[in-house]
1. For the Cα atoms of chain A, what angle does the longest principal axis make with the long axis of helix A:240-252, in degrees from 0 to 90, nearest 10?
2. So how tilted is helix A:160-171 from the main axis of chain A? Cα-based, degrees 0 to 90, rounded to 10.
3. Indicate the gyration tensor shape class of the stretch B:41-159 (rounded, prolate or oblate), computed on the Cα atoms with a ≥ b ≥ c the square roots of the eigenvalues: a/c under 1.5 is rounded; otherwise a/b larger than b/c is prolate and the rest oblate.
4. What is the ratio of the Cα radius of gyration of chain A to 2.2 N^0.38 Å, with N the residue count, to two decimals?
5. For the stretch A:127-265, just say rounded, prolate or oblate: build the C-alpha gyration tensor, square-root its eigenvalues into a ≥ b ≥ c, call rounded for a/c under 1.5, and beyond that prolate if a/b exceeds b/c, oblate if not.
6. Checking the a/c ratio against 1.5 first, then a/b against b/c, what shape does the Cα gyration tensor give for the stretch A:68-169?
7. Mind pulling the angle between the C-alpha long axis of helix B:145-155 and the longest principal axis of chain B? Nearest 10 degrees, somewhere in 0 to 90.
8. Peptide A:164-177: average number of partner chain Cβ atoms within 10 Å per residue?
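What follows draws every value from the coordinates through simple rules; no lab data is involved. Keep in mind it's a predicted model, so treat the numbers as computed, not measured. Virtual Cβ from ideal backbone geometry, glycine too; neighbours counted across all protein chains shown.
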Amino acid sequence: MKALLALLALVLATAVTAPAHAQGWPLERYTVEDRNSGYFYLGRQTRLLQDDDFQNPGMFAVDQGAALWRRVDGTQGRSCQTCHQNAADVMKGVATRYPAYDAKSGGIINLELLINRERVEKMGAAPFAYESPELLALTAYVSHQSRGMAKNIDISGPAAPFFEQGKEFWNTRRGQIDISCAMCHDDRAGMLLRGDVISQGQTNGHPMYRLIWQSISSTHRMFEWCNTSMRAEPYPLGSPEYLALELYVAWRGRGLPVETPSVRK
Amino acid sequence: MVGLAAGVAAAQAQAPATAPTPLQAHLTGPIPPLVKYEIVGNTTIPQPLTERPGDPVRGRRVVTDASNSTCLICHEVPTLEEFPNQGKIAPSLEGLGSRYTAAELRLRLVNPKLLVPDTMMPAYYRTEALTRVQRQYVGRTIYSAQDIEDAIAFLMTIR
């Protein structure tokens, strides 16, 4: 009997001990006031997948991004690293501030479009297609340098009208199904939509690895998916409409930690 | 010509994966004309939208069609217990057929916003006053007129 109990205790101890390399933040870190990261709504299995860098499939994109960071491309013979050196130092905190107002274009810019502009202007290289593996990988790599840092989005001054535009988008019923973002993600988060728990639609873990797509995925791809799920005409990825929405949604998640690469259903 | 025939055969071989079920013919073929209806007493549409009476068996397939806004996304239907993972964001449809008349259900399916303007529930038979409908759905209703009648026939059996 004693041996059996000892064996049982050993099995239990093994089951509850997390692997040493798991990130495993305490659950409280995924909530700031009334704002919950999508992590909060995940089941245990998916949480564990995100927590373990050796199992998290989004880490493949981060690794690919690290290689792209060092790869020389374009007419100027430069890589990202040529000017920025070590991403772990200089890119730390950058993702917490994007999307943001951009004086140069007079609109909102996000990390994807910023990376592409740097490629064109500083490297003399062609921009990557919006949802290409390369652009997602670099975006994931840059975002990953801010993992654990709080999202801090500036919506003041010239960003304000874009913030209002994004907020209006969020609150507008759309498509043949005639449902707004807010109806689910503000009013019904935590409730069951068929077999799935509705999240708040937070973006602090983006680019994310989405299990149903089996790929690293951008915020705009998710917007497109949500729109077409409501049978609404989507906007192009990278469009001003989605940039304004991304600004509003990122602000909505202010204070939530950057989780890139998150794993979502 | 052989090439074309082979192409058609290949397309047909792939068809089962993506082709809509016969239930959704109104979502892909020629756009059916919208049937006019009369609202009586602000809460009912007494006249059926079709000549053919509602078929509860087909109606059961209509309301459980997972790829066309099934009721089960949001509502629980205790008599459909073989369908797992029913939604819980809207009231249960338990005893629905005892609580409402067919005329009341018809208005609630056709356009529930006439009763509760800010309801989240879609209007299953409406094409106007919508924002940015996806191109392939413009001018189309979620349910066909026959779907509405068949769905009501089924929903009235929930007692």
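1. Approximately 40 degrees, to the nearest ten.
2. 50 degrees
3. Rounded.
4. Values: Rg = 20.0 Å, N = 265, 2.2 N^0.38 = 18.3 Å.
Relative to the rule-of-thumb radius for its length, chain A sits at 1.09.
5. rounded
6. Values: a/c = 2.08, a/b = 1.53, b/c = 1.36.
Taking the square roots of the gyration eigenvalues as a ≥ b ≥ c, the stretch A:68-169 is prolate.
7. Approximately 50 degrees, to the nearest ten.
8. Shielding by partners across A:164-177 averages 4.
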